[in-house]
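Let me begin by presenting the structure, written as C-alpha cells, before commenting on it.
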Amino acid sequence: MSDQAQSLRNLLQGLPERDKQTKVITVTSGKGGVGKSNFTLNFALALQTKGYQVLIFDADIGMANIDVLMGVSSKYNLYHLLKREKSIHEIIHTGPYGLQFIAGGSGFNDLLSLSQEEIDYFASQVELLNGTVDYIIFDTGAGLSKETLKFIVAAQETIVVTTPEPTSITDAYAIIKMVHSMEYEVDYRLIINRVTDWKEGQHTSDKIRLVAKKFMDLDIPTLGYVLDDPNVSKSVKRQIPFSIAYPGSSASKNIQEIADRFLLGEKGARRVNPDSSQSGGMKGFLNKMKSWIT
C-alpha cells in the first residue's frame with residue numbers, strides 16, 4: 001500500500017522541464033460546520049500574499065462554496081470541463097489577490113461515472129496545471145466519502161481541521177483512523193479552529209495526537225490554532241474573506257502565523273525530485289479512483 005500511496009502523491013509531477021513543482025494539499029474534516037472551507041480560503045490567500053501562486057480546487061461535492069465565500073461569480077466549473085465545453089484553463093477563475101480557483105458545481109458527481117476516454121481527457125487537462133502554480137489545495141467534503149478518500153491519499157499533505165467540540169474531535173480522529181486502517185501512508189497536519197485561547201487549542205490537539213500515537217503510531221504535528229472570532233461570521237455574511245475584511249482580527253493574525261509556520265516547514269522539508277519516467281501519474285491516479293468506486 002505504501003508504494004501505491006507514494007505513486008498517488010506524485011499525481012501532479014512528471015514535467016521536469018518546468019522549474020516550478022506543484023505541491024498538492026488536501027484540506028478535510030471529520031464533520032461539517034468546523035470552518036474548513038473558510039480556513040482553506042484564507043490560508044490560500046495568506047500564501048498568495050506571501051508571493052506564492054495558489055489554486056483552490058473546490059472538491060466539496062454538493063456543498064461547494066469557495067466562490068460564495070469570496071463573493072465571486074463562477075460561470076464555469078468542473079462540469080464544463082468534463083463535457084469538453086471548456087478547457088481546464090477556461091474554468092479557472094480569479095479571486096482576491098490573484099488567487100485562482102476551480103468551482104466544483106455538479107462536476108464531481110460526474111467523476112463517478114467517467115469512461116476510460118473521459119478519464120484520459122480529464123487527466124491530460126489537469127496535468128497541464130503542473131508547474132503553473134506552487135500549490136493546489138483541494139477543499140474536500142466533510143467526512144470520509146469515497147471522493148474525499150481519493151484526495152486524502154493522493155495529496156502530498158493533508159490538513160485536518162477540527163474544533164474543540166467533543167464530536168468534532170471524535171470525527172477528526174475517526175477519519176484519520178479509517179484511512180490508516182486501509183494501510184495508506186498520509187502526511188497529516190492539524191488545525192484547531194474556534195478555540196477560546198491557546199491553552200484550549202493545545203489541549204485539543206494533544207488529545208488527537210496522543211491517541212493517534214498510542215493506537216496507530218502516528219506522529220501528527222499541529223500546524224496551528226485559530227481563535228474564535230466574531231469577525232469570521234461577519235465576513236461570511238459580507239462574502240469577503242475575513243483576512244481581507246478584517247486584517248487586524250485575531251483570526252486573520254492566526255492565519256498569517258499558520259502560513260508562516262507552514263512555509264518554514266516547507267523550507268526545512270527534504271525535496272524529492274520526481275522521476276519523470278514513472279508510469280501512471282495522473283492517469284494512474286484517476287484509474288485507481290474509478291476502480292475504487294466500482
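The values are calculated or read from the model by the stated rules, or taken from the named source; none is laboratory data. This one's a predicted model, so the numbers in the text were calculated from it and none came from an experiment. In this analysis, Cβ positions are derived from the backbone assuming ideal geometry, glycine residues included, and neighbour counts consider all displayed protein chains.
Worth a mention:
- For T162, the conditions (1) modelled with pLDDT of 90 or more; (2) surrounded by fewer than 23 Cβ atoms within 10 Å (Cβ to Cβ); (3) not small (G, A, S) all hold with the exception of (2).
- Condition broken by L218, with the remaining ones in (1) buried (at least 20 other Cβ atoms within 10 Å of the Cβ); (2) in a loop (DSSP other than H, G, I, E, B) satisfied: (1)
- Test set (1) touching a strand residue (DSSP E or B) at 6+ places or on another chain (Cβ under 6 Å); (2) within 16 Å of K36 (Cα to Cα) - Q156 fails condition number: (2)
- Residue in the range 175-193 that is at pLDDT 95 or above, under 23 Å from the mean Cα position of the chain (by Cα) and exposed (fewer than 14 other Cβ atoms within 10 Å of the Cβ) present: no
- Reported count of residues in the range 168-209, each being under 17 Å from P221 (Cα atoms) and without any contact (Cβ under 8 Å) to a residue 12 or more places away in the chain, is 2.
- Only listed residue being under 17 Å from S37 (Cα atoms) and not small (G, A, S), chosen from I208, I192, I220: I192
- Tally of residues being free of Cβ contacts under 8 Å to residues at least 40 places away in the same chain and either surrounded by fewer than 19 Cβ atoms within 10 Å (Cβ to Cβ) or part of a loop (DSSP other than H, G, I, E, B) (or both) across the range 46-86: 14
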